[in-house]
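Engineer: Got a structure for you, questions after.
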Amino acid sequence: MALSRERVAVIIATIPPIVLILGAPAVLWIVEPFVLGMPFNLFWHLMWMIVGPLLLTVAYLIRVKEMERA
């Protein structure tokens, strides 16, 4: 069954908060690794601070195109 564009936009928009809320405890178990000179936990949150708005922009654009169709 094909998903509507509206539903796809909602799914994309819910990815960043879910990953940040549920992913943070999983990341805290990692003790020593460093990525780009930062502790992994800091890198994880900074990465999602960049990726999150990008995903929200994609969801917004999908939703705007859906509204233009109607």
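The values are calculated or read from the model by the stated rules, or taken from the named source; none is laboratory data. Since this is a predicted model, take the numbers as computed values, not measurements. Note that we place each Cβ from the backbone using ideal geometry, even for glycine, and neighbour counts take in every protein chain shown. Heavy atoms of the whole protein, side chains included, go into the accessibility calculation; ligands, DNA and RNA do not. Shrake-Rupley method; radii C 1.70, N 1.55, O 1.52, S 1.80 Å.
Engineer: What size of dipole, in debye to the nearest 20, comes out for the chain about its Cα centre when the only charges are +1 on Lys and Arg C-beta atoms and -1 on Asp and Glu C-beta atoms? Can you show the working numbers first?
Structural biologist: On the way: 5 positive and 4 negative charges, 57 e Å.
So the magnitude is around 280 debye.
Engineer: Moving on. Measure off, as a whole percent, the carbon and sulfur share of the 1.4 Å-probe accessible area of region 1-68, all protein chains present.
Structural biologist: Ligands and nucleic acids excluded, carbon and sulfur give 77 percent.
Engineer: Please work out, to two decimal places, the log10 of the ratio I(q)/I(0) at q = 0.20 Å⁻¹ from a Debye calculation in which every Cα of region 1-51 carries one identical scatterer.
Structural biologist: Scattering profile of region 1-51, log10 relative to I(0): -0.72.
Engineer: Could you report the chain's accessible area per residue, 1.4 Å probe, as an integer in Å²?
Structural biologist: On the way: 5430 Å² over 70 residues.
The answer is 78 Å² per residue.
Engineer: Working from the pairwise distances between different alpha carbons, so that the mean of 1/r is found and then inverted, what is region 22-70's Kirkwood radius in Å? All intermediate terms of the calculation are to be shown ahead of the outcome.
Structural biologist: Working: mean 1/r = 0.0778 Å⁻¹.
By the Kirkwood definition, the hydrodynamic radius is 12.9 Å.
Engineer: Relative to the longest principal axis of the C-alpha atoms of the chain, give the angle of the C-alpha long axis of helix 5-28, reported between 0 and 90° and rounded to the nearest 10°.
Structural biologist: 10
Engineer: Taking the 0 to 90 degree range and rounding to the nearest ten, how far is the long axis of helix 40-69 tilted relative to the main principal axis of the chain, both from C-alpha atoms?
Structural biologist: Long axis of 40-69 versus the principal axis of the chain: about 0 degrees.
Engineer: Quick one: accessible surface of Val64, probe radius 1.4 Å, all protein chains present, in square angstrom to the nearest 10.
Structural biologist: 40
Engineer: Using Cα springs under 10 Å in a Gaussian network model of the chain, which residue among Ala13, Ala59, Ala24 shows the largest mean-square fluctuation?
Structural biologist: Looking only at Ala13, Ala59, Ala24, the largest GNM fluctuation is found for Ala24.
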